[in-house]
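Here, each number is a calculation from the coordinates, and none is a lab measurement. Predicted, not measured: the structure shown is a model, and the values here were computed from it. Cβ: placed from backbone, ideal geometry, glycine included. Neighbour counts: every protein chain shown.
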């Protein structure tokens, strides 16, 4: 019954191994791009923590940085 619904909806390519392979390759590409962007985001967050922490410590010690 499910395959009949899929075939009627025009998604018959997803029931074939080539279509499934294409979807898996697309999913892998999305995951790889996401991992790259997340690694960049983590670096930016760590750099921000270091900068803000340094400015805070300097202000506690009495230095006016800003």
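Spin-label model, residue 40/residue 64: points 7 Å from Cα along the beta carbon direction are separated by 3.8 nm.
Projected onto its three principal axes, the C-alpha set of the range 13-60 covers 65, 11, 7 Å, listed from the longest axis down.
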